[in-house]
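To keep things clear, I will list the structure first and then write my remarks on it.
The numbers here are math on the coordinates, done by the rules we state, and not lab data. Since we're looking at a predicted model, the values are computed, not measured. Positions of Cβ are generated from backbone atoms using ideal geometry, with glycine treated the same way; all protein chains shown enter the neighbour counts.
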Amino acid sequence: MKGFFNSTLLQPKIPPSHVLGGSGRARIGCNACGLYKSCLTPKMKATGGGKEGILIVGEAPGAEEDKRQTQFCGETGRFLERKLADAGIKMNTDCRKINAVNCRPPRNATPTPLQIDSCRTFLFEEIQSFKPKLILLAGGSAVQSFLGHRIKWKEETFSISKWRGWAIPDQDYQAWVVPVFHPSYVKRNEEGGDYSSTLYLEQDLEMAVRLAGAPFPALNYEIETFDTRQGHTRDYIRGKLLQLIRRADRELFELAFDYETTGLKPQRKGHQIVSIAYCDDRDKATAFLFHPDLMDAWSAVLRHRNILKIASNLKFEDAWSRVILNTAPRGWLWDTMLAAHVLDNRPGITGLKFQTYVRLGKIDYSSHIEPFLSGGRDSGEKDFGFPPI
Ligand code: URA
């Protein structure tokens, strides 16, 4: 169990200066993709005045860029320049520009994951030296370059349609991150008489410009974590839970909670609730390793009607409470997953990890405990050092 509640792992990570190879391959270096052999300007450096602290990340240089050794100087670049000017930004003086892939791919082919992984180090070196306050990710390749090595969610895709529209306060880089449709896509649509992506691009750029002038919302919160395998820690947690109940006897209040479990289905033999995290205060959360001795106190919290309960996908917490703890929770108030779907019904965006990143800018809050949660495929065979309930 060592490491389950290792508090240093709960702090935001400062990323290393060289971040290479995000797709499970061994370390990939800059030359691995071979594109440098066929272009006029290999490994094009970032250019642009950057006066307003904005970094534009494009896809890859085209023919014009390859010749003139600077990004976004061809037709697509001029199109983007006009859109930025409409939003009050001078592309070449206010912004720095770089691409996900910095050697021109033959025939302007869309970059492959290998090419993006090989080139990622240039983007992160630029971010480290320039320290942008706003990062505009133009198109799916830019999103993949910026996030591909940092996201471990199995189902993740970097399709721009699910990423555009968010203004992400990225806590690792202390910068607003705004993914937008790639200007060549928007320009092509416009030429075909379809202006829907134009409206989105304009709207997203306006939002980005507004944010660039606003203070960055650093995320300040405290998580208290408790390993309850020792009796005195269990007593302490029981005391905290009883405090919640005493408070609920006096007043209504909201409590968000989340279970980490050994699998998806509580009915399967041997499955357990591993830990419980709850939050009854905006800036502070408590997480504890669940222990059968705490069942009564936690069940009383679940049953108390004055404790208004919030979860992400409440059916999950509800089912595990009923099956494992034999307790039907009362006072359900809100399901953040359902609310996310009501607010925006694009596919693939309602998961807690996606929402936590796009809304709070926190990219990884749980990978350090994953080895403790899923041994085999939904096997339920983990040993947590105390008897199953
Ligand atoms: N020019 C660039 O430099 N990058 C793009 O993504 C498109 C045009």
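For helix 75-86, what angle does its Cα long axis make with the longest principal axis of the chain, in degrees from 0 to 90 and rounded to 10? Result, in degrees: 60. Counting Lys and Arg as +1 and Asp and Glu as -1 over every other residue whose Cβ lies under 11 Å from the Cβ of Lys284, the net charge comes to -4.
Just to confirm my numbers, what's the Cα centroid distance between the range 264-333 and the range 198-251 in Å? Centre-to-centre (Cα) distance: 17 Å. Rg and Dmax of the range 39-97, based on Cα coordinates, read 11.1, 34 Å.
Plainly put, the range 120-183 has a radius of gyration that is 0.94 times its Kirkwood radius, both from alpha-carbon atoms, as the Rg/Rh ratio.
About its Cα centre, how strong a charge dipole does the range 55-129 have in debye, to the nearest 20, once Lys and Arg get +1 and Asp and Glu get -1 at the Cβ?
Details: 11 positive and 11 negative charges, 31 e Å.
Dipole magnitude for the range 55-129 comes out near 160 debye.
Counting residues in the range 200-251 as N, plug N into 2.2 N^0.38 Å and put the Cα Rg over that result. Present the calculation step by step, with values, prior to reporting the outcome.
On the way: Rg = 21.9 Å, N = 52, 2.2 N^0.38 = 9.9 Å.
After normalising by residue count via 2.2 N^0.38 Å, the value is 2.22.
Within the shell defined by Cβ-Cβ distances under 11 Å, the residues around Ala311 carry a net charge of -2, with Lys and Arg each +1 and Asp and Glu each -1.
When the Kirkwood radius is taken over all Cα pairs of the chain, what Stokes-Einstein diffusion coefficient follows at 4 °C and 1.567 mPa s, in µm²/s? Translational D for this selection: 56 µm²/s. Once both labels are positioned 7 Å from their Cα atoms along Cα-to-Cβ, the gap between Tyr200 and Tyr236 label points is 4.9 nm. Its DSSP H runs of at least 4 residues, each contributing -39,500 (n - 2.57), put the calculated 222 nm mean residue ellipticity of the chain at -10000 deg cm²/dmol, to the nearest 500.
How long are the semi-axes of the equivalent ellipsoid of the range 153-296, taking √(5λ) for every eigenvalue λ of the Cα gyration tensor, in whole Å from largest down?
Semi-axes from the Cα gyration tensor: 45, 21, 14 Å.
Of the listed peptides 295-302, 218-225, 135-142, 169-176, what is their order by residue-averaged count of other C-beta atoms within 10 Å, with the highest listed first? Working shown, then result.
Details: 295-302: 17.9, 218-225: 11.9, 135-142: 27.1, 169-176: 20.1.
Going from most to least packed, we get 135-142, 169-176, 295-302, 218-225.
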